[in-house]
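The values are calculated or read from the model by the stated rules, or taken from the named source; none is laboratory data. Please read these numbers as outputs of a predicted model, since none were measured by experiment. Positions of Cβ are backbone-derived with ideal geometry, glycine not excepted, and every protein chain shown enters the neighbour counts.
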Amino acid sequence: MAGAGPLAGLRIVEFAGIGPGPFCGMMLADHGAEVIRVDRASGGRGGSQPISSKDVLARGRKSIALNLKSEEGLALARKLCASADGLIEGFRPGVMERLGLGPDVLLADNPKLVYGRMPGWGQTGPYAPYAGHDINYIALAGALAHFGRSGEKPTPPINMVGDFGGGGMMLAFGMVSALLNVARGGEGQVVDAAMTDGTAVLMAMIHGMANQGIWREELGANLLDTGAHFYDTYETADGKFVSIGSIEPQFYAELRARLGLAEDAEFDAQMNPAGWPALKEKLAAIFRSKTRDEWDALLEHSDVCYAPVLTMSEAREHPHNVARAAFVEVDGDPQPAPAPRYSGTQTAQPAAAPMPGDDSDSVLADLGLSAEEIASLRGAGAIS
């Protein structure tokens, strides 16, 4: 089922990078696009993560290794982009322009090209030229200050929010939107998917709650930030954890009934923040009285809004995830399955990540180059 999915027939060129750019490429490849990664002929991709076929973010690609500092390698990159529907790059502003591969050049070659840019700070603004990482982007966007518990310092949610939610997935959405515009007769354009911008958008509901006076800027003092006793995680007798999200009155009533608290008047004023700390201590003591498996038996498959807190390896084995085939194996390695799902278009089983240059010959042959021309380019060091 190679190329299966709703994006089948689209060609995307991805200039190799780390983190959010590859995540965008993975999303597009998972849903059927042909994604051709341009790797460095010298090897390496930046960052501390080694290049490996086990790299989940790099799955489902083809790879061509080009020397972009040579005239021949640069010409090949332009030829490849001229054949593409979209492009992904995640360098600092100005890098692609200095290479001779900026949007002015490539959109002149291919006016229908959707040129996707994955910067941290954006292409413009005082921070634009400087380095940063997820932790910095979500800090500046006003998100990091709200992740953590009362009395503690803000805690980064790994790099889920800036790199992947506000970055790679936002770029994938922007590119598909721009590609749809092209399909309807529009021209190609640049998509500037700054991770700061995307993170700010992810905070939209919280801004709305603050505007209505129902969100305080103090850490761990609100409904969804571990302030409330009915929306938090609790340790169990075996040192594991469970999650409770009993917000709505009927779900809160179900929680109280199953924990034997239906007649405890202290729990009546659910939405009074003044009582939350004491009620949280009472719930903590209750949850420490049983193991996680025992809580599963009591609270799973109910409207309490409950789930055990699972590690990655545990999540792969949970019956719900197994029933939905939420994880797959690629060359023996476990990975999350492509998501979302479609009623009429099946996505393909992902292929393992290629090593740099694995597909150089086939990609160039598809562009119309002969075996002799490819050999000559390899001899000149333009490809590897």
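Numbers below:
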| read-out | value |
| --- | --- |
| Residue among Tyr115, Tyr127 that alone is touching a helix residue (DSSP H, G or I) at 6+ places or on another chain (Cβ under 6 Å) and aromatic (Phe, Trp, Tyr) | Tyr115 |
| Boolean, Glu329 is under 30 Å from Ser53 (Cβ atoms) and of a type in the set (Asp, Glu) | yes |
| Positions within the stretch 160-212 being more than 19 Å from the chain's Cα centre (by Cα) and more than 26 Å from Pro111 (Cα to Cα), in sequence order | Met205, Ile206, His207, Gly208, Met209, Ala210, Asn211, Gln212 |
| Wholly enclosed helices (runs of 4 or more DSSP H) of the stretch 156-211 bearing at least 3 residues touching a residue at least 60 places away in the same chain (Cβ under 8 Å) and within 22 Å of Ala84 (Cα to Cα) | 169-183 |
| Test for Asp225: is it in contact with a helix residue (DSSP H, G or I) (Cβ under 7 Å, 6 or more places away or on another chain) and either among the charged types (D, E, K, R) or without any contact (Cβ under 8 Å) to a residue 60 or more places away in the chain (or both) | yes |
| Failed criterion for Asn136 (all others in (1) buried (at least 16 other Cβ atoms within 10 Å of the Cβ); (2) in contact (Cβ under 8 Å) with a residue 60 or more places away in the chain; (3) assigned to a helix (DSSP H, G or I) hold) | (2) |
| Strands (runs of 3 or more DSSP E) wholly inside the stretch 272-380 containing at least 3 residues that are touching a strand residue (DSSP E or B) at 6+ places or on another chain (Cβ under 9 Å) and touching a residue at least 12 places away in the same chain (Cβ under 8 Å) | 306-308, 333-336 |
| Conditions (1) within 24 Å of Met175 (Cβ to Cβ); (2) modelled with pLDDT under 95; (3) charged (D, E, K, R): number failed by Lys62 | (2) |
| Hits in the stretch 268-299 (condition: farther than 17 Å from Glu235 by Cα and surrounded by 15 or more Cβ atoms within 10 Å (Cβ to Cβ)) | Gln270, Gly275, Trp276 |
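Yes or no, residue by residue, for (1) exposed (fewer than 13 other Cβ atoms within 10 Å of the Cβ); (2) within 18 Å of Ala58 (Cβ to Cβ); (3) under 19 Å from the mean Cα position of the chain (by Cα):
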{"site": "His301", "(1), (2), (3)": "yes, no, no"}
{"site": "Leu310", "(1), (2), (3)": "no, no, no"}
{"site": "Ala315", "(1), (2), (3)": "no, no, yes"}
{"site": "His320", "(1), (2), (3)": "yes, no, no"}
{"site": "Arg324", "(1), (2), (3)": "yes, no, no"}
{"site": "Pro340", "(1), (2), (3)": "yes, no, yes"}
{"site": "Pro354", "(1), (2), (3)": "no, yes, no"}
{"site": "Leu364", "(1), (2), (3)": "no, no, no"}
